[in-house]
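Here, each number is a calculation from the coordinates, and none is a lab measurement. Being a predicted model, the structure only gives us computed values, none of them experimental. All Cβ positions, glycine included, derive from the backbone under ideal geometry; neighbour counts span all protein chains shown.
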């Protein structure tokens, strides 16, 4: 069902933020970042001051998509975890409910082992909310319209965007 | 898949520029990046080879304004046009809300255009999209070159449905924003109906 919208409500966002804040603390991470597999930033927590979230989301999604392509080539369904090790900073990427990607950035104050443990502990709860959001977004039109601001969009609205 | 975020008050749509290699997809994106106000655009990312051929994708986020209090943002992607990067093209089409096909008007690129359009149809179908209902614009680029085919002939070769067609010279910016506005209008109208 590719032609649907993904709708994040404020209560979804608050739940994601609470879980990400906890994960960030527990994993001693620089930041944690949740995006959908198409490269849209959903929520994040931690020190993101020097990070462009839109660019990060796009590149992380591209990286995971390319890796899944590789997995398919060698006959595996997916490589569910990716790890990029840098000199001081590292990134741990993992899929959540097959619809979202969780990125954890960490430095020498944490370790890969700790991050992997905390991610595996946090993922089931995150997956529940992601699944709920996707199910609601895929719902029939009447239900979807109740949560979209675009149902009554007019030509004048669109014209205004172009000044 | 349009992404509507009530917490951030944002609507995010994905537009993909498709077409044969060296047709001008990246040039379109670079022009948009160059001419868009700094506060309305994000970072331009190009994953390219050492010879500046697109390897995976170019990416440019732009923001148009607000609708009903929601910021409308468009994520512009290009695909690598070279034939052997087909796996990457298929990945980039995932979650697309609208496609711009950038055709090279030169006669010697006629076969490459047709092959790329066929490839687009295949990859959309493989990703579960129905071209008949997907917002789609045909851009005829490089209209200034001496070997450019007549518009009617290109349209006969390349039109996939009753899509709007825009003539362009992307290196000079001609037709670039017309194309962008046309696809954005189609995407938003499509969203209204969905």
Just checking the output field for A:34-46: average partner chain Cβ neighbours within 10 Å of each residue's Cβ? 4
Given the rule -39500 (n - 2.57) for each run of at least 4 DSSP H residues, summed and divided by the residues of the protein assembly as shown, what is its mean residue ellipticity at 222 nm, to the nearest 500 deg cm²/dmol? -12500 deg cm²/dmol
Once both labels are modelled 7 Å past Cα along the beta-carbon direction, what's the residue A:152-residue A:89 spacing in nm? 4.5 nm
If you scale each eigenvalue of the Cα gyration tensor by 5 and take the root, what three semi-axes come out for the range B:124-194, rounded to whole angstrom and sorted largest first? 25, 16, 9
Here the Cα Rg-to-2.2 N^0.38 Å ratio for the range B:54-124 is 1.32
So how far, in whole Å, is the C-alpha centre of the range B:138-162 from the one of the range A:37-54? 40 Å
Note on the range A:1-128: contact order normalised by length, alpha-carbon pairs under 8 Å, 6 or more apart, percent, works out to 26 percent
Note: B:9-19 gets an average of partner chain Cβ contacts (10 Å, Cβ to Cβ) equal to 2
Give me the angle, in degrees from 0 to 90, between the Cα long axis of helix B:110-126 and the longest principal axis of the Cα atoms of chain B, rounded to the nearest 10. 40 degrees
Kirkwood Rh for chain B from C-alpha pairs, in Å, is 16.8 Å
Tensor-based shape of the protein assembly as shown (alpha-carbon gyration tensor, a/c under 1.5 rounded, otherwise prolate or oblate): prolate
Fewest-first ranking of A:153, A:112, using other Cβ atoms within 10 Å as the exposure measure: A:112, A:153
Under the rule rounded for a/c under 1.5, else prolate if a/b exceeds b/c, else oblate, using alpha carbon gyration tensor axes a ≥ b ≥ c, the range B:142-182 is classed as oblate
Counting pairs of alpha carbon atoms under 8 Å apart in space and at least six apart in sequence, what relative contact order in percent does chain B give? 23 percent
Can you sort B:15, B:92, B:45, B:174 by how many other beta carbons sit within 10 Å, fewest first? B:174, B:45, B:15, B:92
For the range A:10-162, take N as its residue count and report Rg(C-alpha) divided by 2.2 N^0.38 Å. 1.17
Out of all DSSP beta bridges in the protein assembly as shown, what portion is antiparallel? Express it as a percent rounded to 5. 65 percent
